[in-house]
Every structure is written in C-alpha cells, then in structure tokens.
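Taking it in order: structure first as structure tokens, then the write-up.
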Amino acid sequence: MIISLKEIALLTESEIFGDEGLFINKPARIEEAETGDLTFLYLSQYAKYLESTKAAAIFVKPGFQKTRKDITYLEVKDPNKAFAKVLIHFFNNVSELIGIDKSAFIDATATIGNNVSIGKNVVISANCKIGDNTKIFHNTVLLENVEVGSNSLLYQNISVRENCKIGDGVIIHANSVIGSDGFGYIQNEKKEYQKIPQIGNVVIEDNVEIGSNVSLDRAALGSTLIKKGTKIDNLVQVAHNVVIGEHTAISGQTGISGSSKVGNYCVFGGQVGLAGHLEIGDGVMLAAQSGVAKSITKPGIYFGSPAKDRTEAFRTEGHLRNLENYVERIKALEKKISELEEKLNK
C-alpha cells in the first residue's frame, strides 16, 4: 500500500515539515525503518536511532529539533497515538478467509449468519448460532449451544465449550480455551478430591479481545463474565465465576482466582496474581508482579506482594535496598550502647 503523506497528515492532524509530496510504503519501528517508511519517536530512549534511521518520515512532538534535513517531520501532540491511528486506518487487514471450507462440520441445527467464513476442520455443534460477517479459522471447535455474535474473529485451534456466549466484534487468538471446567473440588472423608460439576458458562461481551493461550474457566453456577471492551493478553488464567469489568486491560501471565470481581477501566501489569473472592474497584492499576491478597476498592496505582499503594510500596522497597546498611548501623549503635552501659556500671 502506497499512502501520500498529505493523507496521513490530514488523518492525524499533524503539521508537515519537509517534503509534502512524499509517499509512504509502510510503517516501521525507528531502528528498523527502511527507505520510504514512516516511523515515530515517542520515548526518549529511542532518540539514539534518529541519526541512523532510514525512514522517510517521522512523527515527532511540536518543537522537536530537526537535525536531519533528509527526513520529513510530522509534528503532532502525541506521536504514539498518531502512529497507531495510521495503523488502524490504513493497515488494519484481517487474515484472509472466505467462504465455508468443505472439510468443516456444521450440525444441521446450527444457525449460520450472512457472509460467515469457516476454515478447515472447524466443528460447529448442535444449536450453535453464528452472527453475520464472523470468521472462524481452522481446527476451531464449538460445542453445543455456543453463540458467537456478528463481526467476530476466532483464530485457529480455539476450543469453545458448551453454552458459552461470545458477543459482537470479539477477537480471540489462537489456542485459547473458552469455558474449560473451573478448578472445583471437595475432599471426602478419606481426603480424596471429588470433582464438583461446573455447570455454568462463560459470557464474553462485545468488542473484547482475548490473546493466545488464554483459559477462561466456566462458572460452577451462573457465568464467568468478561464485560465489553476489555482486552486480555496472552497466557492469562481467569478462574470460575470471575467478573471482569468494562474496558479493563490485563497483561500476560496474570492469574485471577475464583469468584473475584474486577472493576471497569482497570489496568493489570504482567504476572499479577489475585487471590479468590476479592473485589478490585474501578480505576485500579496493578504494577507487574503484584500479588493481591485483600480487596482494593480505591482507585490508584498499587505495587508489590502483598500489593500496597505505590508510594508506600516504593518507600518499603527503598528500605529493603538499604537493609544491609541498616544492619551495619544497628550493629554500630548496639556497640555504642554496650560501651555506655559498661561505663555506667563502673
């Protein structure tokens, strides 16, 4: 795709400094850009690549020092968002899948909408409902009574268990499992674990995106619920009866234990862990590797294990880093006290 720089400037409301007649081949990272590419400079640590990049044009913040004259600059308030806008508008291509492959199995009782694409070896079981314009890629299996809305995209090797519901505009990446059994057991008098039937389902609302290798466990009773607009990264575990609010972002390797409730507009860093039956309020941000053992209802940034308000956590971390010095100071004080006591005793 060849795009004029004027089109890009109009889309992003940016000001051109340089060759206004330039055409762009593709977007690229500043350190990897080739001749004809568009890139951006957002974080200061990437400024070191400015002198060596081969990019033809670059998004920068207003007032940026334009030392290279062979690059065209696009001044904009937020280069990162401007670059993302270009990607979304011009390069948002969905993998090609057209029609229904002859190797797919579709039960006679299933309802298939208009313009649905179904890949090789897909299984769509009894009483499933698939909305218009949805794409289901190769080897994906939908068990009985599954509902998938319109304009959704299910990539290859996804398993969706019985009775689960997926909304409109949902994207689920490869190898994820929707509706696996929750981790529910009870010990008998011999302390043997007996399985508790998990008879609920998973409900994924509209415009949710689920990464690859994610497990969303079905509820023991009722529904495990992922509300609209939420984004879940790769390798995330969501246990039975969890509720995740609207427009929340959860990074990779996070684990959320059973029956916990996460609010709207939350952000979790990588490897966050939540104990069971907790409540996380709206607007809570948990830094990477935070361990949450108690409910957090006040908006803010939290860090550590157990998770604390960021200011308190960083103060504690600072003390831990100085622990060796503290030990030496305490030893010196103890020695002085001992010497004073000896003098007083004499």
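Observations, loosely collected:
- Flag for Ile196 being β-branched (Val, Ile, Thr), out of contact with any Lys or Arg (no Cβ under 7 Å at 6 or more places or on another chain) and either buried (at least 18 other Cβ atoms within 10 Å of the Cβ) or within 24 Å of Gln271 (Cα to Cα) (or both): no
- Listed by first and then second residue, the pairs with beta-carbon distance under 7 Å, at least 6 apart or on different chains, first residue in region 186-204 and assigned by TED's automatic domain parsing to the domain that holds Ile244, second among the acidic types (Asp, Glu) and assigned to a loop (DSSP other than H, G, I, E, B), are Gln198/Asp181.
- Residue check for Leu221: on the phi > 0 side of the Ramachandran plot, in the same structural domain as Asn151 (by TED's automatic domain parsing), surrounded by fewer than 21 Cβ atoms within 10 Å (Cβ to Cβ) and of a type in the set (A, V, I, L, M, F, W, C): no
- Scanning region 97-134 for residues that are farther than 20 Å from Val170 by Cα and among the charged types (D, E, K, R) yields a total of 4.
- Residues satisfying the criterion are absent from region 299-316 (criterion: part of a loop (DSSP other than H, G, I, E, B), crowded, with 17+ Cβ neighbours inside 10 Å, out of contact with any strand residue (DSSP E or B) (no Cβ under 7 Å at 6 or more places or on another chain) and among the hydrophobic types (A, V, I, L, M, F, W, C)).
- In region 229-245, the residues that are crowded, with 18+ Cβ neighbours inside 10 Å, more than 17 Å from Val177 (Cβ to Cβ) and not small (Gly, Ala, Ser): Thr230, Val243
- Tally of residues being surrounded by 18 or more Cβ atoms within 10 Å (Cβ to Cβ) and among the acidic types (Asp, Glu) across region 107-149: 1
- Residue that is surrounded by 16 or more Cβ atoms within 10 Å (Cβ to Cβ), at pLDDT below 95 and under 30 Å from the mean Cα position of the chain (by Cα), where the choices are Leu43, Leu74, Leu38, Leu97: Leu97
- Region 146-168 residues that are assigned by TED's automatic domain parsing to the domain that holds Ile210, paired with ones that are aromatic (Phe, Trp, Tyr) and surrounded by 19 or more Cβ atoms within 10 Å (Cβ to Cβ) (beta carbon under 7 Å, 6 or more apart): Leu154/Phe137; Tyr155/Phe137; Gln156/Phe137
The values are calculated or read from the model by the stated rules, or taken from the named source; none is laboratory data. What you are looking at is a predicted structure, and each value in this text was computed from that prediction instead of being measured. Heads up, the Cβs are rebuilt from the backbone with ideal geometry, glycines too, and the neighbour counts pull from every protein chain shown.
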